[in-house]
Amino acid sequence: WNEITLTEQILYIVAAASTILLLIRTVLSMIGVDSNFEQNAATVAFRPFTVRGVLSFFSIGAWVTIVAYKAVCNFPLSFGIGAAAGLLTVFLTARAFQKAMQLRNSKKGNPENLTGACGEVYVTIPPRGEGKGKVSIMAERDRLCVFSAIAYEDNKIPTGTRVRVAEVLEADFLLVERFEKDRPEN
């Protein structure tokens, strides 16, 4: 450690720290603890400037700069090569996530076609205006899809109740009501 330059020490610290943080973030994402703002199914925008993008830039950029510096011993050139590699990584990572989100959204089918579709409550839906639940609906091409839903009525709709989609509010958000014969007696 003492035999390398201060510049190399800084590069190793940046490379190691960003790589460890990127690995932690990846593991959290794989087990479902990652935040939704980068993975919002309704947003399939090309967004390179996310936490994951910045960590990728520093991780790959620093490691490539270290390797280039050892090869050519010219820091400005090595830094330029590392920065280019970091930017390419950010671009490719953002593009990969964009494609993954498009694939995920295409599996949901076309939500506009769901009005009138029948399904079942997957997570209890609170009474109108008190929160969201989840419904599972057989969508296009016989795929069972889960959507967020709110109640059309003033009573909660428990898990397992059959419902009909009254309206598609957003791409992944439905307004549902019980089937007539499944309505509670007053």
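Since every read-out is calculated from the coordinates, none of them should be taken as a lab result. Treat the numbers as computed from the prediction; the structure is a model and nothing was measured. So basically every Cβ, Gly included, is an ideal-geometry build from the backbone, and we count neighbours across all protein chains shown.
Okay, here's what the table says:
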| item | result |
| --- | --- |
| Formal net charge of residues neighbouring Phe58 (Cβ-Cβ distance under 14 Å; K, R +1; D, E -1) | +2 |
| Sites Leu169 and Cys73 - FRET efficiency at Förster radius 45 Å, r taken between beta-carbons, to 0.05 | 0.15 |
| Inter-label distance, nm, simple model (7 Å from Cα along the C-beta direction), Val54/Ile31 | 2.4 |
| Residue-count net charge about Ser18 - beta-carbon cut-off 15 Å; Lys, Arg +1, Asp, Glu -1 | +2 |
